[in-house]
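Step one of this worksheet: look at the structure below.
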Amino acid sequence: MSFSNLGLAPELLQAIADQGYTEPTPVQAKAIPPILLGQDVMAAAQTGTGKTASFTLPMLQRLKEFANNSVSPARHQVRALILTPTRELAAQVQQSVKTYGKHIALRSAVVYGGINIDPQIKELRAGVEILVATPGRLLDHLQQKTVNLSQVQFLVLDEADRMLDMGFLPDIKRILSVLPAQRQSLMFSATYSDDIRGLAKQFLKNPVNVEVARRNSTVETVTHLVYHVDANAKRDLLTHLIRSRDMRQVLVFCNTKIGANRLAYKLAKDGIAAAAIHSDRTQGERTQALAEFKEGRTRVLVATDVAARGLDIEQLPFVINFDLPGSPEDYVHRIGRTARAGLSGEAIALMADDERDKLDAIEKLLKFKLPVAEVEDFKRSPALRGEARHREGRRPEGRREHGRRDENRHREDRRPDSGRNPPARSAQSADPLFSKPYNPPAPTLTDVANAAPRPQAPKKQVAALFLPPVAEKQDISS
Ligand code: AMP
């Protein structure tokens, strides 16, 4: 199948050719035709499948009639709205809109929280046809009447499952209530849950269902591996794996902001250039960390789920779950960052004794057992040997009691907001090292990674060493 069979306009085919794409991905082949026909679509497709182009290309085609080069704002009304859960994803989607729409005179803008609203207001006043937004900041604009959505005829909810996870449902409902009822709506979600089905029922009309992979499945080109390891040996094992396998670009997931900071610091201490990215970082800091990672200046990006959502890093070969995620769907999302667009990738999980239940849940969702690996020097402690018995089907009495029920206390706060309220702090660590305020000397990421001999900074000033001082409190969502 080629793109020209899908009925796309020459300007779009040209943009696709400019990108070097030779054929549509499965989700593109299935979603583009019904969207071009004006139908609502519910698509189960995760990041990395080419889903962004699958809605952006037909959207541009359907809006082509509004293309014009007039300087009058009245000639540039918002016709399409794309909602995304995170700032990073919003920025990436707008980039795709620009890339695929470069031969069509339609304007686009992106609005998200954590940055000054004034330039966004200016851009909106000048007029745009396509608006990509995170819900919180869009509501700010609606409240301030700096955006008019009365002409929206095309709506996309991207990564809808994540938006629900992050508690955006009330915001989404408020936004939908100001859109014209007569419109085409699309919903993309990596995973299907009853909530997602409910949402689809609420706002899609007779949707065409597009499913490119088994429900809640992972991309087939991902190789999975799980190491059973003592919790306190995880960091050394991680360093060992990165070094021994000469991993050049690794995305590592931690469940908490504190954990991400601590791990990035420790990796840098081991001489591995690393940066942490999570919702306590300003947008500028997150963008910088991501750019340095993409350029290869930072070898390891340690991320929390919220910050990593939607990250598009081409040819990312390794995703490592330093902590197993609290929900198995998050495993699917996390490893969706590797093996994108048909490339192969490796998903490695480091499982400590008290994460047994999480692995069980992941395997149940994936419907297969993750292959187990061991490194000689990181054999499990006697306490973990029961795991082997368990995996062979002889679960020792009371095993599940080891599960940490209170781990959510330190999970990243996912409350959606866009700067209207200060972020709620996660529970403080018992260790003052990670909870007391920090005044960093603000070295660059590279400075830190190259710091040898180790800086003589007081031992406890570590939590945010990788990034410049936070000038002002930023919002935590979008
Ligand atoms: P997405 O799932 O939208 O995040 O896209 C994942 C990656 O696939 C992006 O880097 C796209 O540039 C790339 N991509 C999208 N469509 C195609 C295609 N038809 N052929 C090759 N790569 C593609």
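The values are calculated or read from the model by the stated rules, or taken from the named source; none is laboratory data. Since the structure is predicted, the reported quantities are computational estimates derived from the model, not experimental observations. Cβ: placed from backbone, ideal geometry, glycine included. Neighbour counts: every protein chain shown.
So Ser2 clears everything in (1) among the hydroxyl-bearing types (Ser, Thr, Tyr); (2) free of Cβ contacts under 8 Å to residues at least 40 places away in the same chain; (3) under 30 Å from Leu199 (Cα atoms) except one condition, right? Which one?
Evaluating Ser2 over (1) among the hydroxyl-bearing types (Ser, Thr, Tyr); (2) free of Cβ contacts under 8 Å to residues at least 40 places away in the same chain; (3) under 30 Å from Leu199 (Cα atoms) leaves (3) as the failure.
Checking Tyr112 against (1) within 16 Å of the ligand (Cβ to nearest atom); (2) touching a Ser or Thr at 6+ places or on another chain (Cβ under 9 Å); (3) aromatic (Phe, Trp, Tyr), only one condition comes out false. Which one?
In the conditions (1) within 16 Å of the ligand (Cβ to nearest atom); (2) touching a Ser or Thr at 6+ places or on another chain (Cβ under 9 Å); (3) aromatic (Phe, Trp, Tyr), Tyr112 misses (1) alone.
Taking region 273-297, which residues are basic (Lys, Arg) and closer than 14 Å to Gly114 by Cα? Even if it seems obvious, please write down each step before you answer.
Going residue by residue through region 273-297, those that are basic (Lys, Arg) are 281, 286, 294, 297.
Matches in region 273-297: Arg281, Arg286.
Does any residue in region 43-63 that is within 20 Å of Leu204 (Cβ to Cβ) come within less than 7 Å, Cβ to Cβ, of a residue that is near the ligand (Cβ under 6 Å from one of its atoms) and not in a helix (DSSP H, G or I) six or more places away or on a different chain, and which pairs are these?
That search, which allows pairs on different chains as well, returns Thr49/Thr25.
If you check Leu8, Leu57, which single one turns out to be within 15 Å of the ligand (Cβ to nearest atom) and surrounded by 24 or more Cβ atoms within 10 Å (Cβ to Cβ)? Before the answer, list the steps.
On the way: Leu8 fails: surrounded by 24 or more Cβ atoms within 10 Å (Cβ to Cβ).
Answer to the check: Leu57.
Going by what's in this entry, would Ile362 be described as assigned to a helix (DSSP H, G or I) and at pLDDT 85 or above?
Numbers: assigned to a helix (DSSP H, G or I): yes; at pLDDT 85 or above: yes.
So Ile362 fits the description; yes.
Restricting the search to region 56-86, which residues are part of a helix (DSSP H, G or I) and closer than 20 Å to Leu36 by Cα? Walk me through it before giving the result.
Residues of region 56-86 that are part of a helix (DSSP H, G or I), as a first pass: 56-66, 73-75.
Within region 56-86, Thr56, Leu57, Pro58, Met59, Leu60, Gln61, Arg62, Leu63, Lys64, Glu65, Phe66 meet the criteria.
Identify the residue in region 215-228 that is part of a strand (DSSP E or B) and modelled with pLDDT under 85 and, among all such residues, is nearest to Pro24 (Cα to Cα).
To start, the set of residues in region 215-228 that are part of a strand (DSSP E or B) comprises 222-228.
Now restrict to residues that are modelled with pLDDT under 85: 222-223.
Values: Val222: 20, Thr223: 24 Å.
So, considering only residues that are part of a strand (DSSP E or B) and modelled with pLDDT under 85, the one nearest to Pro24 (Cα to Cα) is Val222.
Suppose we filter Ala15, Ala31 for residues that are of a type in the set (A, V, I, L, M), modelled with pLDDT of 95 or more and out of contact with any strand residue (DSSP E or B) (no Cβ under 9 Å at 6 or more places or on another chain); which single one remains? Spell out the reasoning first.
On the way: Ala31 fails: out of contact with any strand residue (DSSP E or B) (no Cβ under 9 Å at 6 or more places or on another chain).
Being of a type in the set (A, V, I, L, M), modelled with pLDDT of 95 or more and out of contact with any strand residue (DSSP E or B) (no Cβ under 9 Å at 6 or more places or on another chain) holds for just one of Ala15, Ala31, which is Ala15.
Could you tell me whether Leu89 is part of a helix (DSSP H, G or I), at pLDDT below 95 and within 14 Å of the ligand (Cβ to nearest atom)? Break it down stepwise before answering.
Numbers: part of a helix (DSSP H, G or I): yes; at pLDDT below 95: yes; within 14 Å of the ligand (Cβ to nearest atom): yes.
For Leu89, the condition - part of a helix (DSSP H, G or I), at pLDDT below 95 and within 14 Å of the ligand (Cβ to nearest atom) - is met.
Name every residue in region 35-53 that is more than 14 Å from the ligand (Cβ to nearest atom) and either buried (at least 19 other Cβ atoms within 10 Å of the Cβ) or among the basic types (Lys, Arg) (or both), in order of residue number. So that I can check it myself, show each step before the final result.
Here is the first cut: in region 35-53, the residues more than 14 Å from the ligand (Cβ to nearest atom) are 35-42.
Hits for region 35-53 are Ile35, Asp40, Val41, Met42.
Conditions tested, residue by residue: (1) under 17 Å from the mean Cα position of the chain (by Cα); (2) buried (at least 18 other Cβ atoms within 10 Å of the Cβ).
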site	(1), (2)
Gly114	yes, yes
Pro119	no, no
Arg125	no, no
Ile130	no, yes
Arg137	no, yes
Leu157	yes, yes
Met166	yes, yes
Ile172	no, yes
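Of the numbered conditions (1) at pLDDT 95 or above; (2) within 16 Å of Asn209 (Cβ to Cβ); (3) outside any helix (DSSP H, G or I), Gly38 fails exactly one; give the number of that condition.
Of (1) at pLDDT 95 or above; (2) within 16 Å of Asn209 (Cβ to Cβ); (3) outside any helix (DSSP H, G or I), only one is false for Gly38: (2).
Let's see how each residue does on (1) among the hydrophobic types (A, V, I, L, M, F, W, C); (2) in contact with a strand residue (DSSP E or B) (Cβ under 7 Å, 6 or more places away or on another chain):
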{"site": "Leu57", "(1), (2)": "yes, no"}
{"site": "Leu60", "(1), (2)": "yes, no"}
{"site": "Glu65", "(1), (2)": "no, no"}
{"site": "Asn68", "(1), (2)": "no, no"}
{"site": "His76", "(1), (2)": "no, no"}
{"site": "Thr84", "(1), (2)": "no, yes"}
{"site": "Glu88", "(1), (2)": "no, no"}
{"site": "Gln95", "(1), (2)": "no, no"}
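Please return the ranges of strands (runs of 3 or more DSSP E) entirely within region 108-214 where 2 or more residues are of a type outside the set (A, V, I, L, M, F, W, C) and modelled with pLDDT under 95.
Numbers: elements: 108-111, 130-133, 154-157, 184-189, 208-211.
Result: 208-211.
Which condition breaks for Gln28 when tested against (1) surrounded by fewer than 24 Cβ atoms within 10 Å (Cβ to Cβ); (2) within 8 Å of the ligand (Cβ to nearest atom); (3) free of Cβ contacts under 8 Å to residues at least 40 places away in the same chain?
(1)
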